[in-house]
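Report on the following structure.
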Ligand code: HEM
């Protein structure tokens, strides 16, 4: 076999290495799509959880809706567990895809930090915070997701407030809220820049506009989240001596059981 002949190149494997793989680009798209899906889920989640601000009855109704109560006429908390299992799969998949980009050694980390200082550019600094909050989320979101998966039947105005206050989850939720809102906000901004969303007009001006929008969204969800947390804490304190007792809305007491005459 002659050195440099097509057969010699094929046998040595050089040809394979020279061929460009489409996989890094595909994995990048998957990372973006899973990140976007998680951000959209989180926005919806924040509004559902914030239903407590409109009253215990409203949160009770939202909870029962997800348990299929209004379709089957009885509670099926396993439906919520199924949704949680899907979100866990999305969360784990997104984390595995993102881990490809995290500095793999202390040396790489030091190099990135010195680049960050030299560039002194907001987007590079934000990338660091996105990695930092992403790693924090692996630890902060996992206990919450496990509890939601295994105790979906306890979700409700009193069940959730007891968990937040009497079971002392409020500290974890406060940190989780900060980490997830910063992570999601920066992630969405980076997606918009990367895929060219809302970037019409002069490039510098459109980035400045995007940054303002990013802070407005992050600020809104942080304010909503902390207000919501305060509401659960207040109810949790009031309900502490009846910990574990579920909420029964006034309108279900007044209504006769299904199938019975009013
Ligand atoms: C389908 C999956 C999920 C369900 C069913 C769910 C449900 C809930 C519920 C019912 C609460 C109220 C407190 C409680 O009952 O313990 C809550 C709070 C919270 N959840 Fe989730 N959650 C899910 C996924 C997530 C994820 C993926 C994150 C972020 C990574 C997250 C972040 C939070 C935060 C920060 C709070 C505190 C509420 C606040 O301060 O506004 N949750 N969640």
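Worth a mention:
- Prolate/oblate/rounded call for the chain, Cα gyration tensor, a/c under 1.5 rounded: prolate
- Look at 229, 149 and count the other Cβ atoms within 10 Å of each Cβ; fewest to most, that gives 149, 229.
- For the chain, calculated [θ]222 nm from helices alone, where every DSSP H run of n ≥ 4 adds -39500 (n - 2.57): -24500 deg cm²/dmol
- If the chain linking residue 33 and residue 124 were pulled fully straight, counting 0.36 nm for each residue of separation and taking away their Cα-Cα distance, it would gain 30.6 nm.
- Backbone N atoms of the range 131-145 closer than 14 Å to the 7 Å Cα→Cβ label point of residue 113 belong to residues 132.
- Fewest neighbouring Cβ atoms within 10 Å first, the residues 60, 165, 43, 215 line up as 215, 43, 165, 60.
- Taking a ≥ b ≥ c as the square roots of the eigenvalues of the Cα gyration tensor, the range 53-162 is classed as prolate, since a/c reaches at least 1.5 and a/b is larger than b/c.
- Between helix 122-150 and the chain: long-axis angle, C-alpha atoms, 0 to 90°, nearest 10: 40 degrees
- The angle between the Cα long axis of helix 170-195 and the main principal axis of the chain comes to about 40°, on a 0 to 90 degree scale.
- Degrees, to the nearest 10: 56-66 long Cα axis against longest axis of the chain: 60 degrees
- Packing-based exposure ordering (other Cβ within 10 Å, fewest first) of 63, 124: 124, 63
- Cα shape, the range 137-204, gyration tensor, a/c 1.5 rule: prolate
- Stretch gain in nm, segment residue 216-residue 170, where the contour uses 0.36 nm per residue and the Cα spacing is subtracted: 14.1 nm
Values in this text are rule-based calculations from the coordinates and carry no lab data. Predicted model only: the values in this text are computed from it and were never measured. Glycine gets a Cβ as well: all are built from the backbone with ideal geometry, and neighbour counts include every protein chain shown.
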